[in-house]
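Structure first, commentary second.
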Amino acid sequence: MARWNPFKTKRATGEQLYAAGRFEQARAAFAAAIAENQQRLQSRPDDLELNAAIARDLHNLGLCLGGLRRFGEAAKVLAGAATIFESIEQHDDPVRRTLWQSLRAGTVQSLAGALGDAGDLSQALVASRQAVDLRRGLPTVEDTEMARTLRMFAHVRAEAGVELDEAMSAANDAQTRLMNAISRSPDMATVEEIYTTELVMARVLARQGKTAEAQRVEALARSRHLDALPAMMRNQQRPPGQ
């Protein structure tokens, strides 16, 4: 029996294809969208929304290239997206600048990961610090978003074997923010974020020479010790009698 293809009867978006792990097809979809918008941009060069759409699709294209393990190309594309967001930040209404700064922070965070995967750890260190600084410069930041940025900061330093105390502080901050997030909205997605952060913490500890503690933290994460937490917290939050 032929396998059902959910994309056969309608055109899938790049986001859908990426989520399904179909990175090459997603890459092609984002590249086509970028080319189309760049054509429009020739007659509307000052259109900030159009520039922003290109930057978003460049970010997504970079993620697809990362999924295809084309890390050097991914880093170049992500750097281009970050540059566009920075330009929009400087020219748009001040009220909306926080939106563009938030998007740039996420893009620079992705850039740090791509640079690290490409083996350019010195530039990954710079980018990961810039991402944290951009997040901290925002008036408000969701705990989960800040936690991901802090975790990337810690991860890059663990891989490079430098600034390890600062890396552990960032990882601990990320974990605290994730626990805050799950207390407000208990879900398995946040639990998975916590496990990923614990594995980064274990890597930092190992780099610090704290082998036994690193093994303990890694084993804890791999045991999935928090799988029951969301259901337990939802039950506790339920009004009596329900």
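The values are calculated or read from the model by the stated rules, or taken from the named source; none is laboratory data. From a predicted model like this one, the values you see are computed outputs, not experimental measurements. Every residue, glycine among them, receives a Cβ derived from its backbone with ideal geometry; neighbour counts consider all protein chains shown.
In the set ALA35, ALA52, ALA19, only one residue is over 16 Å from GLY106 (Cβ atoms), more than 17 Å from the chain's Cα centre (by Cα) and either outside the structural domain of LEU125 (by TED's automatic domain parsing) or not aromatic (Phe, Trp, Tyr) (or both); that residue is ALA35. Beta carbons closer than 7 Å, at least 6 apart along the sequence or on distinct chains, pair a first residue in the stretch 98-114 that is among the β-branched types (Val, Ile, Thr) with a second that is outside any helix (DSSP H, G or I) for THR98/LEU138; THR98/PRO139. GLN25 meets the stated requirement of being assigned by TED's automatic domain parsing to the domain that holds ARG56 and at pLDDT 95 or above. Filtering the stretch 35-46 to residues that are in a loop (DSSP other than H, G, I, E, B) and either touching a Ser or Thr at 6+ places or on another chain (Cβ under 8 Å) or not acidic (Asp, Glu) (or both) leaves GLN42, SER43, ARG44, PRO45.
Of the residues GLU73, GLU49, the single one that is surrounded by fewer than 15 Cβ atoms within 10 Å (Cβ to Cβ) and either part of a helix (DSSP H, G or I) or charged (D, E, K, R) (or both) is GLU49.
Take the conditions over 29 Å from ASP57 (Cα atoms) and small (Gly, Ala, Ser) and apply them to GLY161. Does it pass? In short, yes. Inspection of the stretch 93-111 identifies at least one residue that is more than 22 Å from THR140 (Cβ to Cβ), in the same structural domain as VAL132 (by TED's automatic domain parsing) and at pLDDT 95 or above. Within the bounds of the stretch 124-145, is there any residue that is modelled with pLDDT of 95 or more, surrounded by fewer than 17 Cβ atoms within 10 Å (Cβ to Cβ) and over 18 Å from the mean Cα position of the chain (by Cα)? Scanning the stretch 124-145 turns up no residue that is modelled with pLDDT of 95 or more, surrounded by fewer than 17 Cβ atoms within 10 Å (Cβ to Cβ) and over 18 Å from the mean Cα position of the chain (by Cα). Here PHE71 fulfils each of the conditions (1) out of contact with any Lys or Arg (no Cβ under 8 Å at 6 or more places or on another chain); (2) closer than 21 Å to VAL217 by Cβ; (3) among the hydrophobic types (A, V, I, L, M, F, W, C) apart from (2). Taken as a whole, the stretch 53-70 holds at least one residue that is buried (at least 18 other Cβ atoms within 10 Å of the Cβ), free of Cβ contacts under 8 Å to residues at least 40 places away in the same chain, out of contact with any Phe, Trp or Tyr (no Cβ under 8 Å at 6 or more places or on another chain) and of a type in the set (D, E, K, R).
Every residue, every condition in (1) of a type outside the set (Lys, Arg); (2) in contact (Cβ under 8 Å) with a residue 24 or more places away in the chain; (3) not assigned by TED's automatic domain parsing to the domain that holds LEU150, yes or no:
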position: GLU166; (1), (2), (3): yes, no, no
position: ALA170; (1), (2), (3): yes, yes, no
position: ARG177; (1), (2), (3): no, yes, no
position: MET188; (1), (2), (3): yes, yes, no
position: VAL191; (1), (2), (3): yes, yes, no
position: ILE194; (1), (2), (3): yes, yes, no
position: ARG207; (1), (2), (3): no, yes, no
position: ALA212; (1), (2), (3): yes, no, no
position: ARG216; (1), (2), (3): no, no, no
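Taking the criterion of being crowded, with 22+ Cβ neighbours inside 10 Å, in a helix (DSSP H, G or I) and in contact with a Gly (Cβ under 8 Å, 6 or more places away or on another chain), would at least one residue in the stretch 86-106 satisfy it? No, the stretch 86-106 has no match at all. When the test is whether a residue is modelled with pLDDT of 95 or more, out of contact with any helix residue (DSSP H, G or I) (no Cβ under 8 Å at 6 or more places or on another chain) and either farther than 30 Å from PRO45 by Cα or surrounded by 24 or more Cβ atoms within 10 Å (Cβ to Cβ) (or both), SER169 passes it. Between GLY113, GLY119, GLY80, the distinction of being in a helix (DSSP H, G or I) and within 23 Å of ARG157 (Cα to Cα) belongs to GLY113 only.
Quick check: is even one residue across the stretch 26-42 in contact (Cβ under 8 Å) with a residue 40 or more places away in the chain and polar (S, T, N, Q)? No; the residues of the stretch 26-42 include none that is in contact (Cβ under 8 Å) with a residue 40 or more places away in the chain and polar (S, T, N, Q).
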